[in-house]
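Student: Supplied in structure tokens, the structure appears directly below.
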Amino acid sequence: MAERGALREGLRAYRLIAGMWVRSSMTYRTSFAVTVLGNLMVTGLDFVAILLMFSQVDTLGGWSLPEIALLYGLSATSFGIADLVLGSMDVLGGRMRDGSFDILLVRPAPVLAQVGADHFALRRLGRITQGALVLGWALLSADVDWTGAKVLLVPVMLVSGAAIFSALFVAGAAFQILAQDAAEVQNAFTYGGTTLLQYPPTVFGKDLVRGVTFMLPLAFVNWVPAAHVLGRPYPIGLPDWTAFASPLVAAACCALAGLAWRAGLRSYRSTGS
């Protein structure tokens with residue numbers, strides 16, 4: 001009951017803080033609309049790069065353009081959701097340097113909710129929109145023998161992928177507490193991870209694929225379940241049932257990230273100590 005109450009309190013605090021930032025950003029609606037459009041166009045440059053590659057080749061690592069677009073759409077949309085919800089975690093290092101993180105510790109609200117909602121940026125909807133548009137085109141264009149299980153797997157991938165990326169944001173923030181910043185290390189796994197997943201596993205070495213499957217299980221965002229949807233061989237010969245393991249992997253990642261966050265808070269010794 002205590003944990004359930006803490007969860008409700010955290011969600012309430014997050015909603016109030018995020019709502020404050022949303023009202024602030026909507027004060028100048030034209031500026032907000034231009035910012036969202038600009039964010040959509042900038043994030044779309046990643047897919048433009050893929051289109052330029054396919055202007056010279058028919059396949060990339062044996063994958064067609066619609067198949068890679070499916071990987072791209074799943075990765076970009078999942079990451080976009082996590083980035084919208086917890087993308088402000090990378091400012092934690094700055095808060096520790098200027099001492100403002102100490103203020104969050106004494107407020108009557110969960111620290112994770114305060115940090116996650118800090119500078120909540122609704123403009124990040126541009127990334128989600130762009131990823132969803134590519135995903136929609138890919139679902140219509142890819143040669144898929146659709147079944148009920150495959151249809152259900154698409155939203156499961158999006159939710160599980162967003163949870164896995166959210167866990168990375170939280171774990172990265174915990175590492176920032178221990179390392180006294182290191183935001184770029186966190187970005188290497190979050191932003192770098194979504195870029196990695198936009199390309200098929202066949203273009204990478206087997207050691208890298210094993211690493212993002214068993215050590216940092218990003219492969220369960222899209223590589224493994226998408227292989228089932230597209231009827232392609234699973235990365236590094238994984239068994240068939242792993243296509244449906246993304247929710248379990250996401251739950252494990254969130255649990256480990258929560259433990260890391262608690263350990264990070266316990267190790268914090270305040271600015272100047």
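Student: How big is the gap, in Å, between the Cα center of region 44-100 and the Cα center of region 178-229?
Tutor: What the calculation gives is 11 Å, centre to centre.
Student: If I fit a long axis through the Cα atoms of helix 65-86 and take the longest principal axis of the Cα atoms of the chain, what angle between them do I get, 0 to 90°, rounded to 10?
Tutor: Taking Cα atoms only, the helix is inclined about 10 degrees.
Student: Simple spin-label model, 7 Å along Cα-to-Cβ: residue 20 to residue 109 in nm?
Tutor: 0.5 nm
Student: Which whole-number percent is the relative contact order of region 2-267 (Cα, under 8 Å, 6+ apart)?
Tutor: Normalised by residue count, the contact order of region 2-267 is 26 percent.
Student: While we're looking at this one, here's another question. Residue 111: net charge of surrounding residues, Cβ under 11 Å, Lys/Arg +1, Asp/Glu -1, itself excluded?
Tutor: +1
Student: Please report the net charge: other residues with Cβ closer than 13 Å to the Cβ of residue 134, K and R +1, D and E -1.
Tutor: Summing Lys and Arg as +1 and Asp and Glu as -1 gives -1.
Student: Could you tell me whether region 65-195 comes out rounded, prolate or oblate from its Cα gyration tensor? Rule is a ≥ b ≥ c as square roots of the eigenvalues, rounded for a/c under 1.5, then prolate if a/b exceeds b/c, otherwise oblate.
Tutor: It is prolate, given that a/c is not under 1.5 and a/b is the larger ratio.
Student: If you don't mind, another one. Are there trypsin sites (Lys or Arg not before Pro) in region 168-273 that DSSP marks as loop and that have at most 16 other Cβ atoms within 10 Å, and which are they?
Tutor: 269
Student: Right, something else. Relative contact order for region 36-152: what is it in percent, counting Cα pairs under 8 Å that are at least 6 residues apart?
Tutor: Taking the mean separation of contacting Cα pairs over the length of region 36-152, I get 46 percent.
Student: At 222 nm, what helix-only mean residue ellipticity would the chain give, in deg cm²/dmol to the nearest 500, using -39500 (n - 2.57) for each DSSP H run of four or more?
Tutor: That calculation yields -23000 deg cm²/dmol at 222 nm.
Student: Give me 209, 221, 115 sorted ascending by neighbouring Cβ count inside 10 Å, so fewest comes first.
Tutor: Lowest count first: 209, 115, 221.
Student: Please sort by residue number the chymotrypsin sites (Phe, Trp or Tyr not before Pro) in region 113-173 whose DSSP state is loop and whose Cβ has at most 15 other Cβ atoms within 10 Å.
Tutor: 146
Student: Next question. For the chain, find the longest principal axis of its Cα atoms and tell me its angle to the long axis of helix 29-54, 0 to 90°, nearest 10.
Tutor: Between helix and principal axis, roughly 40 degrees.
Student: Treating the angle as unsigned and between 0 and 90°, give the value, to the nearest 10°, between the Cα long axis of helix 2-25 and the longest Cα principal axis of the chain.
Tutor: It works out to around 80 degrees.
Student: Whole-Hz Karplus ³J(HN,Hα) for region 225-233, in order, using 6.51 cos²θ - 1.76 cosθ + 1.60 and θ = phi - 60°, x for Gly and Pro?
Tutor: Along region 225-233, the couplings run x, 5, 4, 5, 4, 8, x, 9, x Hz.
Student: What chymotrypsin sites (Phe, Trp or Tyr not before Pro) in region 10-102 are in a loop by DSSP, with at most 13 other Cβ atoms within 10 Å of the Cβ?
Tutor: 28
Coordinate-derived values only; no laboratory data. In this text the structure is predicted, and so the values were computed from the model without any measurement. Neighbour counts run over all protein chains shown; Cβ positions are idealised from the backbone, glycine included.
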